[in-house]
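Colleague: One structure, as structure tokens, below. Some questions next.
The values are calculated or read from the model by the stated rules, or taken from the named source; none is laboratory data. In this text the structure is predicted, and so the values were computed from the model without any measurement. Cβ: placed from backbone, ideal geometry, glycine included. Neighbour counts: every protein chain shown.
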Ligand code: C5P
């Protein structure tokens, strides 16, 4: 049973969610998907009707995207057997993974004040798990670098572009969403570029992260490798 923090970072399509959640199950730990928090904050802005690029309150006092995102009523449950994301009490787990949110999330996650707020929330959730004597596996883009720089183990997942696009399409198909391999590849490349080049906490591996290439490993292969690494650190 893990009692510390494992950070799992990397670009989309490397198997982060499946891996982080599976590792939490194996280690008897809690699980936090920080991408889901950025997605739910993005959905809150989309629901509000405030334009995504309205980053300042206008002269008439209309709300801006930052204040809507920061005041969104988000609740995360960290049970790896049943992770849930609620927005205003409503389960938005399916909606936040749809194409509309995916298209807009990089714009909202690049806003410094939104990041500051969600990073605080993430640290609070991590501290609560540790207070209860549980470990926690946290996945995202900046966990090892910003959210939990003192994590006991930092994993940085990578995979080839072809494998990543294939995985994302398979995910969409199994969730009943329309999929198009070329569009998926283009969207991954676009998000990588936006996430890696933004000024606020860009996607990058922490200096002390262990890089794991998941291109040729199946999920059990990846989990065996991570469990080994966790045991070495534990
Ligand atoms: O991991 P997922 O694809 O759900 O993340 C959605 C988006 O949220 C990413 O493309 C990125 O813009 C943002 N994100 C982030 N920092 C994190 C997790 C996600 O900026 N820690």
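Colleague: Which residue, of 107, 159, 99, is in contact with a strand residue (DSSP E or B) (Cβ under 8 Å, 6 or more places away or on another chain), modelled with pLDDT under 95 and within 14 Å of the ligand (Cβ to nearest atom)? Outline the logic, then answer.
Modeller: Values: 107 fails: in contact with a strand residue (DSSP E or B) (Cβ under 8 Å, 6 or more places away or on another chain); 99 fails: in contact with a strand residue (DSSP E or B) (Cβ under 8 Å, 6 or more places away or on another chain).
Selected residue: 159, the only one of 107, 159, 99 that is in contact with a strand residue (DSSP E or B) (Cβ under 8 Å, 6 or more places away or on another chain), modelled with pLDDT under 95 and within 14 Å of the ligand (Cβ to nearest atom).
Colleague: Give me the pairs, please: first residue somewhere in the stretch 84-104 and on the phi > 0 side of the Ramachandran plot, second residue anywhere and surrounded by fewer than 16 Cβ atoms within 10 Å (Cβ to Cβ), beta-carbon distance under 6 Å, and either six or more positions apart or on two chains.
Modeller: What qualifies is 88/73.
Colleague: In the stretch 194-213, which residue that is more than 10 Å from the ligand (Cβ to nearest atom) and part of a loop (DSSP other than H, G, I, E, B) is farthest from residue 229 (Cα to Cα)?
Modeller: 199
Colleague: Quick one: count up the residues across the stretch 98-111 that are in a helix (DSSP H, G or I) and farther than 19 Å from residue 203 by Cβ.
Modeller: Within the stretch 98-111, the subset in a helix (DSSP H, G or I) is 99-109.
Then keep just the ones that are farther than 19 Å from residue 203 by Cβ; that gives 99-100.
Going through the stretch 98-111 one residue at a time, the tally reaches 2.
Colleague: Another question, if that's okay. Could we say that residue 216 is in contact with a helix residue (DSSP H, G or I) (Cβ under 7 Å, 6 or more places away or on another chain), at pLDDT below 95 and either at positive phi or not in a helix (DSSP H, G or I) (or both) here? Steps first, answer last, please.
Modeller: On the way: in contact with a helix residue (DSSP H, G or I) (Cβ under 7 Å, 6 or more places away or on another chain): no; at pLDDT below 95: yes; either at positive phi or not in a helix (DSSP H, G or I) (or both): yes.
Judged against the criteria, residue 216 is not a match.
Colleague: Ok, one more. Conditions: (1) within 16 Å of the ligand (Cβ to nearest atom); (2) at pLDDT below 90. Residue 178 meets all but one. Number of the miss?
Modeller: Residue 178 satisfies all of (1) within 16 Å of the ligand (Cβ to nearest atom); (2) at pLDDT below 90 except (1).
Colleague: May I ask you to verify whether residue 32 is within 14 Å of the ligand (Cβ to nearest atom), over 29 Å from residue 149 (Cβ atoms) and touching a helix residue (DSSP H, G or I) at 6+ places or on another chain (Cβ under 8 Å)? Break it down into steps so the answer makes sense when it comes.
Modeller: Values: within 14 Å of the ligand (Cβ to nearest atom): yes; over 29 Å from residue 149 (Cβ atoms): no; touching a helix residue (DSSP H, G or I) at 6+ places or on another chain (Cβ under 8 Å): yes.
Judged against the criteria, residue 32 is not a match.
Colleague: Between a residue in the stretch 7-26 that is at pLDDT below 95 and any residue that is in a loop (DSSP other than H, G, I, E, B), which pairs come within a Cβ distance under 6 Å, given they are 6 or more apart or on different chains?
Modeller: Between residues of the stretch 7-26 that are at pLDDT below 95 and residues that are in a loop (DSSP other than H, G, I, E, B), the close pairs are 14/159; 14/214; 15/214; 16/10.
Colleague: Could you count how many residues in the stretch 185-209 are surrounded by 17 or more Cβ atoms within 10 Å (Cβ to Cβ) and more than 18 Å from the chain's Cα centre (by Cα)?
Modeller: In the first step, residues of the stretch 185-209 are kept if they are surrounded by 17 or more Cβ atoms within 10 Å (Cβ to Cβ); the result is 185, 187-188, 191-192, 195, 198, 201, 203, 205-206, 209.
Narrowing the set further to residues that are more than 18 Å from the chain's Cα centre (by Cα) leaves 185.
Residues meeting the conditions: 1.
Colleague: For the stretch 123-179, name all the residues that are in a helix (DSSP H, G or I), farther than 22 Å from residue 13 by Cα and touching a residue at least 60 places away in the same chain (Cβ under 8 Å).
Modeller: Hits for the stretch 123-179 are 125, 126, 129, 130.
Colleague: Right, another one. Going by the conditions given, is residue 115 within 10 Å of the ligand (Cβ to nearest atom), under 24 Å from residue 135 (Cα atoms), surrounded by 14 or more Cβ atoms within 10 Å (Cβ to Cβ) and under 15 Å from the mean Cα position of the chain (by Cα)?
Modeller: Numbers: within 10 Å of the ligand (Cβ to nearest atom): yes; under 24 Å from residue 135 (Cα atoms): yes; surrounded by 14 or more Cβ atoms within 10 Å (Cβ to Cβ): yes; under 15 Å from the mean Cα position of the chain (by Cα): yes.
Judged against the criteria, residue 115 is a match.
Colleague: Ok, one more. Just for the stretch 40-77: of the residues that are within 15 Å of the ligand (Cβ to nearest atom) and more than 18 Å from residue 116 (Cβ to Cβ), which one is modelled with the lowest pLDDT?
Modeller: Going through the qualifying residues, I end up with 52.
Colleague: Now, a different point. Could you list, in sequence order, all residues of the stretch 122-145 that are surrounded by fewer than 17 Cβ atoms within 10 Å (Cβ to Cβ) and either within 16 Å of the ligand (Cβ to nearest atom) or more than 25 Å from residue 225 (Cβ to Cβ) (or both)? If you could, list the steps in order and put the result at the bottom.
Modeller: Narrowing the stretch 122-145 to residues surrounded by fewer than 17 Cβ atoms within 10 Å (Cβ to Cβ): 123-124, 127-128, 130-133.
Answer for the stretch 122-145, where residues must be surrounded by fewer than 17 Cβ atoms within 10 Å (Cβ to Cβ) and either within 16 Å of the ligand (Cβ to nearest atom) or more than 25 Å from residue 225 (Cβ to Cβ) (or both): 123, 124, 127, 128, 131, 132, 133.
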